[in-house]
Amino acid sequence: MTTAPVRREAFAAAKVNLFLHVGSTAPDGYHPIASLFVFADIGDRLRLGEGSAGVLTIEGPFATGLSAGSDNLIVRAREALSPGLATDLVLDKGLPLASGIGGGSADAAATLRLLNPLLPEPRTEAELMAIAAALGSDVAACLDSRAVIATGRGEVLLPAPRLPGLHAVLVNPGVESPTGPVFRAYDSGAVRDAAAPSMPPAFSTPGEVADLVAKTRNDLEAPALSLTPAIGTVLEALRAEPETLAARMSGSGATSFALCEGAAEARALAGRLGAARPRWWVRACRLGGPWT
């Protein structure tokens with residue numbers, strides 16, 4: 001009998017909100033939402049370290065400024081999965097910080113996926129989902145990293161319509177957009193409802209998905225722009241390009257996305273925009289998931 005090899009790495013896919021409807025604060029302090037989550041084939045990578053001292057090492061282009069202490073979601077996820085577990089971990093941080101594409105949540109979910117098989121008694125799928133939901137609103141969706149409709153505070157997951165192959169460009173202007181201030185700015189204005197729109201069982205073309213984006217909202221976009229005007233500069237740039245079918249900010253910012261007709265269009269847009277704006281983080285990607 002052969003033993004399955006230990007998986008030494010997990011991929012933490014970037015999360016993109018095609019729409020994000022936000023309601024008023026609930027008694028538990030969270031905002032109810034309705035959102036269509038899709039996942040990109042770009043993200044962070046988490047791997048097992050060589051030791052067992054519980055050390056988290058962070059490397060990669062966005063390592064600077066990211067704490068490796070007890071407040072890091074990776075450390076919290078490891079402790080929630082198995083208190084006292086001291087497996088060393090190494091994070092290759094490829095996603096910008098505080099960028100609205102679920103980097104921290106995806107890292108926490110990757111931690112659960114990577115470490116659970118190593119336990120003497122691995123947690124069940126239901127137990128993993130409960131741990132993920134307790135860690136943060138988006139972590140449960142990031143466990144599978146497949147397209148879902150997220151409701152509640154983000155932890156109630158419903159099947160998404162079938163999606164066609166989607167190609168996109170993600171753009172971050174090189175600034176952070178912390179979630180807390182954006183929600184406080186949202187609460188100070190007119191609060192909208194968190195209902196999901198009516199959707200068909202399947203979308204056949206990228207253009208149909210772009211029409212959905214046009215008919216829906218990201219309720220955090222306006223408050224985020226009021227705090228971080230550079231997001232508006234990105235959206236103006238994306239919406240002016242011929243390859244863009246639809247553009248919107250993801251999450252609470254500062255990353256925005258442009259949907260394109262295909263891979264060639266996404267590569268062309270990313271190449272031209274990256275050359276024109278070398279300080280921006282610009283990546284062509286596929287959307288959907290799950291990715292491994």
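The values are calculated or read from the model by the stated rules, or taken from the named source; none is laboratory data. All values reported here derive from a predicted model rather than from experimental measurement. Ideal geometry is used to build each Cβ from the backbone, glycine not excepted, and the neighbour counts take in all protein chains shown. Ligands, DNA and RNA are stripped out before the accessible areas are found, and what is left, the full protein with its side chains, is counted by its heavy atoms. Shrake-Rupley method; radii C 1.70, N 1.55, O 1.52, S 1.80 Å.
Shape class for the range 167-244: oblate, because the ratio a/c of the largest to smallest gyration tensor axis (alpha-carbon atoms, square roots of eigenvalues) is 1.5 or more and b/c is at least a/b. Seen from Asp88, the other residues with C-beta closer than 12 Å to its C-beta sum to a net charge of +2, counting Lys and Arg as +1 and Asp and Glu as -1.
Axis of helix 125-135 versus longest Cα principal axis of the chain: the two differ by about 70°, to the nearest ten degrees. With the largest listed first and rounded to whole Å, the semi-axes of the equivalent ellipsoid of the range 1-85 from the Cα gyration tensor are 30, 18, 16. Using a probe of 1.4 Å, the accessible surface attributed to Val90 totals some 20 Å² when neighbouring protein chains are kept in position. Treating each Cα of the chain as one equal point scatterer and applying the Debye formula with no solvent, the log10 of I(q)/I(0) at q = 0.09, 0.14, 0.15 Å⁻¹ comes out as -0.42, -1.02, -1.16.
Using a Gaussian network model of the chain in which every pair of alpha carbons under 10 angstrom is joined by a spring, one finds that among Leu163, Leu66, Leu128 the greatest mean-square fluctuation is at Leu66.
Across Thr151, Thr64, the residue with the most accessible area heads the list, and the full order at a 1.4 Å probe is Thr64, Thr151. Helix-only arithmetic for the chain: the sum of -39500 (n - 2.57) across DSSP H runs with n ≥ 4, divided by the residue total, places the mean residue ellipticity at 222 nm at -9000 deg cm²/dmol. With springs connecting C-alpha atoms under 10 Å apart, model the chain as a Gaussian network and identify which of Gly65, Gly271, Gly23 has the largest mean-square fluctuation. In the Gaussian network model the winner is Gly65. Each Lys and Arg adds +1 at its Cβ and each Asp and Glu adds -1 at its Cβ; summed about the Cα centre, the range 167-292 shows a dipole of about 300 debye. For the range 86-126, a/c is not less than 1.5, where a ≥ b ≥ c are the root eigenvalues of the C-alpha gyration tensor, and a/b does not top b/c. That puts it in the oblate class. Surface composition of the chain: carbon plus sulfur atoms hold 53% of the accessible area, using a 1.4 angstrom probe and ignoring ligands, DNA and RNA. Residues considered: Phe257, Phe62, Phe39. Largest GNM mean-square fluctuation over the chain, using C-alpha springs under 10 Å, is found at Phe62. The angle between the Cα long axis of helix 230-239 and the longest principal axis of the Cα atoms of the chain comes to about 60 degrees, rounded to the nearest 10.
With the Kirkwood sum run over all distinct C-alpha pairs, the range 126-208 has a hydrodynamic radius of 15.7 Å. Within the full protein context, the accessible area of Trp291 is estimated at about 50 Å² for a probe radius of 1.4 Å.
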